[in-house]
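**Student:** Dropping the structure in here first, questions after.
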Amino acid sequence: MNRFAVLVVVLALGVSRADAQDTKKEIEKYQKMIADSSPVELFELQGETLWKKRQGPSNVSLKRCDLGLGAGELKGAYALLPRHFKDADRVMDLETRLLHCMVTLQGRSREEATKRVFGNADTPSEIEYLSAYIAGESRGTPMAPGSAHPKEAAAYELGRKLFFYRAGPWDFSCASCHGEEGKRIRMQDLPILSTPAAARPVVATWPAYRVSNSEFKTMQWRINDCYRQMRMPEPNYASDLTVAITTYLSVTGRGEPYRGPGTKR
Amino acid sequence: MKKAFKLYIAATLAACSSAPVSERPVVSEAELFEVQAVLKRDFHARGSAALSRLEPDAVQQACNLHGDGPPEALAKALEAQQFAAIGFPAGSLIGDWKRGQRIAQSGRGLQWSDGPKDVAGGSCYNCHQLSPQEVSHGTLGPSLLGFGKLRGNSPEMQKYTYGRIYNSKAYNLCSQMPRLGHSGTLTEQQIKDLVAYLLDAESPVNK
């Protein structure tokens, strides 16, 4: 992305500390600029095609997939996730539910369906496209993940404990980076995800397109990549652990109308 | 001189204290056990990141149990244990500041995405300001700009700096800084090079 390269040059040249304020302003300007030229819509369109495509041993599309509001009801469904699903008796986030539908409706194996969940710039993954499409169908709907069912409450509690749990060779928890006001890693601002004010804009904009590497990123990826940087082993995709963290973050940051998929640096 | 050094240590410890992080919950041992069981169930090994990394040590256990604020007696005892295991090398602890700069810049090491031949760095700039020329620095840790200029490079200062990088928990049990020597991330020579980056008068950190 040329504009990104321009920003890198701007940052590299803006060396003096007196320029720190200007640098911050430049970054804000840049963020506005990239939001205006985001290719998110293309991801949504491709996701819609995949949603309607017949696949798997059952040769059916995902159009009968129930994301919580009834089979095939997509408007506002993402805003209510994660939530407890009676048929699976499990709390599920978007990706976990999509995987459930691929297995139960399309007859695909979990192994096949999760073979390549995180794509790259050249070849985004099926679940990334689908996430873009389905999340986009909730634009304008206030985020209201499930919190009343006992299993939803338990997922929130587990997620909260995981958020603060320090582990691994570098003794990190989520809160090591996302626990204090106004902190950065390098130039990247870090929201305090345990506080509603900071969590809301995050919850309202994920999943998201990332300009710096031209990739579309899901929440399961976000958690996975944080654990990588924390020097931990890898969390299982769509596990109760990753869903619990998403539940904790989503409930903490609920209330803001969805305005994603977002565009990140 | 001695007194000034002690005062400085106290000030540094205060600056590095891990206290005001948003409501870190104090949990019971049973709750910790529950979280640890979930981790064992829902993680898998990848690359160099083996599942053995999920085993908590005494420091992590104490900090997790007490919301990063363990009782003073427990903290002191564990800090002493951590300190005793540092194994300070004899002689000067000042290596090569130029190599130290590269180590401070590098964020590699111990991630499953790092190859077996990748040389680890200290990830210092992720959290600290060091050289005034590097604007892309994090703010999770205190600024170390002018670190050696302000403090000198006496043997005590070298030892403190080496120890703090090797195992920050020996000085402040629930410090947010990784134990870069203790965890096997950096070698003795790499830590000496970082000490030079912080203390050498020629280092850009002190210009």
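Every number here is computed from the coordinates shown, using simple stated rules; none is lab data. Keep in mind that this is a model prediction, so the values were computed, not measured. Don't worry about glycine lacking a Cβ; one is built from the backbone with ideal geometry, like all the others, and counts go over all protein chains shown.
**Student:** Relative contact order of chain B: what whole-number percent is it, with Cα pairs under 8 angstrom and at least 6 residues apart? Can you show the working numbers first?
**Tutor:** Details: 311 pairs, mean separation 52.2, N = 207.
Reported relative contact order: 25 percent.
**Student:** Using just the helices of chain A, give the 222 nm mean residue ellipticity in deg cm²/dmol: DSSP H runs with n ≥ 4 each add -39,500 (n - 2.57), and the total is spread over all residues, rounded to 500. Before the final figure, lay out the partial values.
**Tutor:** Working: 11 runs with 119 residues, N = 265.
Value at 222 nm, helices only: -13500 deg cm²/dmol.
**Student:** Further question: In the protein assembly as shown, what % of DSSP beta bridges are antiparallel (nearest 5)? Walk me through the intermediate numbers first.
**Tutor:** Numbers: 16 of 19 bridges.
If we restrict to bridges inside the protein assembly as shown, about 85 percent are antiparallel.
**Student:** At R0 = 22 Å, how high is the FRET efficiency between A:Glu234 and A:Ser109 if r is their beta carbon distance? Nearest 0.05 is fine.
**Tutor:** Values: r = 20 Å, r/R0 = 0.92.
With R0 = 22 Å, the Cβ-Cβ based efficiency is 0.65.
**Student:** Show me, for segment A:140-147, the HN-Hα J-couplings you get by feeding each phi into the Karplus relation (A = 6.51, B = -1.76, C = 1.60, θ = phi - 60°), rounded to Hz, glycine and proline as x.
**Tutor:** Karplus-based 3J(HN,Hα) across segment A:140-147 equals x, 8, x, 5, 9, x, x, 9 Hz.
**Student:** How big is the gap, in Å, between the Cα center of segment B:114-157 and the Cα center of segment A:158-180?
**Tutor:** Comparing the Cα centres of segment B:114-157 and segment A:158-180, I get a distance of 23 Å.
**Student:** Between segment A:188-239 and segment A:67-96, how many Å separate their Cα centres?
**Tutor:** 20 Å
**Student:** Under a straight-distance cross-link criterion of Cα-Cα below 13 Å, which aspartates and glutamates are reachable from B:Lys149, leaving out those fewer than 8 residues away in the same chain?
**Tutor:** List returned: B:Asp200, B:Glu202.
**Student:** Would you look at the GNM of chain B, springs on alpha carbons closer than 10 Å, and say which of B:Ser143, B:Ser175, B:Ser52 moves the most?
**Tutor:** Result: B:Ser52 has the largest fluctuation of those listed.
**Student:** Shape verdict for segment A:124-256, please, from the Cα gyration tensor: rounded (a/c under 1.5), prolate (a/b greater than b/c) or oblate. Could you put the intermediate results ahead of the total?
**Tutor:** Details: a/c = 1.32, a/b = 1.11, b/c = 1.19.
Rounded shape, in that the Cα axes give a/c under 1.5.
**Student:** Once you list every other residue whose beta carbon is under 14 Å from the beta carbon of A:Ser61, what net charge do they have if Lys and Arg are +1 and Asp and Glu are -1?
**Tutor:** Working: positive: A:Lys52, A:Lys53, A:Arg54, A:Lys63, A:Arg64, A:Arg108; negative: A:Glu48, A:Asp66, A:Glu126.
So the surrounding residues net to +3.
**Student:** Using θ = phi - 60° and the Karplus form 6.51 cos²θ - 1.76 cosθ + 1.60, what ³J(HN,Hα) does each residue of segment B:91-101 get, whole Hz, x for Gly and Pro?
**Tutor:** Here the 3J(HN,Hα) series is x, 5, 9, 8, x, 10, 5, 5, 5, x, 4 Hz.
**Student:** I would also like to ask the following. Within the set B:Lys169/B:Lys192; B:Lys40/B:Lys169; A:Lys86/A:Lys115; A:Lys183/B:Lys207; A:Lys63/B:Lys40; A:Lys24/A:Lys161, which residue pairs have Cα atoms separated by over 29 Å? Intermediate results must be reported in sequence, preceding the final value.
**Tutor:** Details: B:Lys169/B:Lys192 18 Å; B:Lys40/B:Lys169 25 Å; A:Lys86/A:Lys115 27 Å; A:Lys183/B:Lys207 25 Å; A:Lys63/B:Lys40 36 Å; A:Lys24/A:Lys161 33 Å.
From the list (B:Lys169/B:Lys192; B:Lys40/B:Lys169; A:Lys86/A:Lys115; A:Lys183/B:Lys207; A:Lys63/B:Lys40; A:Lys24/A:Lys161), the Cα-Cα distance tops 29 Å for A:Lys63/B:Lys40; A:Lys24/A:Lys161.
**Student:** From the Cα gyration tensor of the protein assembly as shown, with a ≥ b ≥ c the square roots of its eigenvalues, which class applies: rounded if a/c is under 1.5, or else prolate if a/b is larger than b/c, or else oblate?
**Tutor:** Working: a/c = 2.18, a/b = 1.65, b/c = 1.32.
In terms of gyration-tensor shape, prolate.
**Student:** I'd like the FRET efficiency for B:Gln189 and B:Val26, computed as 1/(1 + (r/R0)^6) with the beta carbon distance as r and R0 of 51 Å, rounded to 0.05.
**Tutor:** Working: r = 40 Å, r/R0 = 0.79.
About 0.80, to the nearest 0.05.
**Student:** Count the net charge of all other residues whose Cβ sits under 11 Å from the Cβ of A:Ala238, scoring Lys and Arg as +1 and Asp and Glu as -1.
**Tutor:** On the way: positive: A:Arg90, A:Arg97, A:Arg110; negative: A:Asp93, A:Glu95, A:Asp240, B:Asp42.
Neighbour charge sum, excluding A:Ala238 itself: -1.
**Student:** Would you calculate a helix-derived [θ] at 222 nm for chain B, using -39,500 (n - 2.57) for each DSSP H run of n ≥ 4 and dividing by the full residue count, to the nearest 500?
**Tutor:** Details: 9 runs with 92 residues, N = 207.
After summing the helix terms and dividing by residue count, I get -13000 deg cm²/dmol.
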